[in-house]
Amino acid sequence: MENKFEQLLQSENQHIEKLNELVVEAVKEEQLISDKLYEFEDKHPAFTSRVADKVAEFGGSWKFIISFGVFMLIWMAVNLYLLTKPFDPYPFILLNLILSTLAAIQAPIIMMSQNRKEEKDRQRAMNDYLINLKAEIEIRNMHQKLDLLIAEQMRTLFDIQKVQVELMEEIKSMMTEKPANN
């Protein structure tokens, strides 16, 4: 009987070892996915990228629109009313040249910033995919662990039940032998 209890304890130890292996494997998989997530982070963007982001941020704001509107009104007022000999008379050709140049320079800078943001979005999408993959792996690992636990529990319960049946048989045989001896 002691031999059977030792076998039960041994099977429990094997069960715990299998669970430990699954945990170690899950930790390794998690480390690999975490490493991939950190690969995509752009911690030190180039100077030109930072400038493009700042120009796009300012160029797409109300502050820019209002300040440029005020600049244009001051330009026109100075040339129309304050100067006797204006440096840019009424059709404001110089102002149009400045506006055209600003638009020609500002548009590609804003596009560069948008391209960087698109790349960041792609990286975020890849990170989301990796996180979802990690969650799927964790769910599969949990299912494996649960299946292993259930199988081991069933095996242990059957072994315990077998020992109980054997004990009941011994008790029954002892009970049937006792009245015969009396």
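The values are calculated or read from the model by the stated rules, or taken from the named source; none is laboratory data. Fair warning: this is a prediction, and the values are worked out from it, not measured in the lab. Because the Cβ atoms are built from the backbone with ideal geometry, glycine has one as well, and the counts that use them run over all protein chains shown.
For the reader, a short list of remarks on this structure follows.
- Residue in the range 52-63 that is part of a helix (DSSP H, G or I), farther than 30 Å from ASN127 by Cβ and at pLDDT 75 or above present: yes
- Residue check for VAL165: assigned to a helix (DSSP H, G or I), over 50 Å from the mean Cα position of the chain (by Cα) and surrounded by 12 or more Cβ atoms within 10 Å (Cβ to Cβ): no
- Selected residue (criterion: surrounded by the fewest Cβ atoms within 10 Å (Cβ to Cβ)) from residues of the range 52-67 that are under 23 Å from ASN115 (Cβ atoms) and among the hydrophobic types (A, V, I, L, M, F, W, C): PHE58
- Hey, ASN141 polar (S, T, N, Q) and without any contact (Cβ under 8 Å) to a residue 40 or more places away in the chain or not: no
- Breaking point among (1) at pLDDT 90 or above; (2) at negative phi, for PRO179: (1)
- Among the residues making up the range 117-150, those that are among the polar types (S, T, N, Q) and either outside any helix (DSSP H, G or I) or under 14 Å from the mean Cα position of the chain (by Cα) (or both) are GLN123, ASN127, ASN132.
- Residue match in the range 113-131 (condition: surrounded by 11 or more Cβ atoms within 10 Å (Cβ to Cβ), farther than 30 Å from SER49 by Cβ and either in contact with a helix residue (DSSP H, G or I) (Cβ under 6 Å, 6 or more places away or on another chain) or among the small types (Gly, Ala, Ser) (or both)): no
- For the range 15-34, the criterion of being at pLDDT 85 or above and either part of a helix (DSSP H, G or I) or in contact with a Pro (Cβ under 8 Å, 6 or more places away or on another chain) (or both) is met by none of the residues.
- Qualifying residue in the range 85-92 (condition: in contact with a helix residue (DSSP H, G or I) (Cβ under 6 Å, 6 or more places away or on another chain), surrounded by 10 or more Cβ atoms within 10 Å (Cβ to Cβ) and either among the aromatic types (Phe, Trp, Tyr) or without any contact (Cβ under 8 Å) to a residue 60 or more places away in the chain (or both)): yes
- Checklist (1) at pLDDT 90 or above; (2) surrounded by fewer than 13 Cβ atoms within 10 Å (Cβ to Cβ); (3) not charged (D, E, K, R) applied to GLN106, failing item: (2)
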